[in-house]
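The values are calculated or read from the model by the stated rules, or taken from the named source; none is laboratory data. Everything quoted here is computed from the prediction, not taken from an experiment. Cβ sites come from the backbone with ideal geometry, for glycine too, and all protein chains shown count toward neighbours.
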């Protein structure tokens, strides 16, 4: 079944609805959802070829009306606005939340936990969406998100606060991928680049007002309310989309578009076994264990007394590496994992493999250069207040959103995507080089801000086209899996970047403080390192503050150099992606993409109905 254009339904264009239910049903069934013929004329039932959640959304796609689809996209925008505003707000609060527990340096560990969860949760969320349905997956993500908010607001120590990141990150990343999957479900390739930008558009506004809200929260209440209030706002924003999905799913059932499977499972054991295979629980366990036990110890070692000599840290990394080695063997076994969590066979596609690798290194460089310590650096070294530091930090999000908006329009009218990926990689790498040159103490705010703008433009140009290229190399049955692999690769790059940057920060700054602080203040080095507020308490121009600033500056320089190293593969990887001609590609549920031989000719896909 071809995906529908936004603004069109299975009936044709909006406004051409038929009132007679029987005619309506017959017309919908004639679209080819029920069955199709192979070349030899034999019928192939689509019910058996796709999972339950995919069957549901394909049936729902046939029932969209103008009103219901517009309401659904408005709800997507509302949810994105809430999560965007929340993200910009709590980004300014996290430094104060960890400082409240005298653990400012653990911002990186918190981000590692977030990114680890972000990396491992995307494939299971995509599987839940495919197995049970998009509506069910949205509900689970919202619930987990709210639990994360509540736990962070109520946390009394850094351990509780860090553990809350598991729920928060799981809900956040679940919504992120489900929004993209929904857009992929209901749009064509040409329009998808533009519509996929919808969840990013709120950044144009929230990047400026988020830090102000954070400042107001800190001034008038506490950082706890800055987390807790979103547990009420976010569920309310989801209601329009929930109603749209429920009503259209009921309509699809009424029109007999969602049929029962011919051989439903019977018995509790059979259902548990089926769910085990559908969700690939063991594959999820291997992935989660591997990513967690490899990345988290990187920051724990830096904060541990024994460091890398600790037997527990070495054991964790060893077990993580073993799980990582076992993962591809498990996922590629049709007997052990008939419905694998990770569609690793997609990586046999040159475009998918290059796109996932590019996403990995792109986000790794981001977590060296922008997150997680730029905000603290701007307050300490540059002397910016909370709103200004927040705005400068989030200039990346603002400029990348504008760049992504522009490139999505160019993709629609040029029918190409790869040229913009390469341009984005060049600009992104150039921006990182400018950071090394101009992000220094004493440089003007315009120079510091300018580097953020350049890097943001590069990120915006490459991010959306790369995701589009990866999606274009997959069938509709595997769009969710392909999107999950792309976003998982990105988050794993972020997790590695956050872990390494945390290790560098935690290892370097204490040594620098002991080296540069006046003798009478050396005893306060650990407190200065642990509390942002303590570092900010010393006046600019004093010997103590000069020593602190020098320690921060030299550490930030190291991180930017690491960002340049991570960005080195980006341009070659962009050239490895196939130069698909998007208007020449079909989107039938079981299409097989045919890549151009030299990467420059239009790519054609064979249709098998």
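Residues being more than 16 Å from residue 175 (Cβ to Cβ) and touching a residue at least 12 places away in the same chain (Cβ under 8 Å): count how many of those fall in the range 54-87.
Selection size over the range 54-87: 16.
In the range 552-583, which residues are surrounded by fewer than 20 Cβ atoms within 10 Å (Cβ to Cβ) and part of a loop (DSSP other than H, G, I, E, B)?
Those that are surrounded by fewer than 20 Cβ atoms within 10 Å (Cβ to Cβ) and part of a loop (DSSP other than H, G, I, E, B): 568, 569, 581.
Got at least one residue in the range 587-604 being modelled with pLDDT under 60, at positive phi, surrounded by fewer than 21 Cβ atoms within 10 Å (Cβ to Cβ) and over 27 Å from the mean Cα position of the chain (by Cα)? I'd like the intermediate steps shown before the answer.
Residues of the range 587-604 that are modelled with pLDDT under 60, as a first pass: 587-604.
Still in the list and also at positive phi: 599.
Now restrict to residues that are surrounded by fewer than 21 Cβ atoms within 10 Å (Cβ to Cβ): 599.
When the remaining residues are screened for being over 27 Å from the mean Cα position of the chain (by Cα), the result is 599.
Yes - at least one qualifying residue is present in the range 587-604.
Which of the following residues is modelled with pLDDT of 80 or more, closer than 22 Å to residue 64 by Cα, in contact with a helix residue (DSSP H, G or I) (Cβ under 8 Å, 6 or more places away or on another chain) and buried (at least 21 other Cβ atoms within 10 Å of the Cβ): 247, 241?
When all the criteria are applied, what remains is 241.
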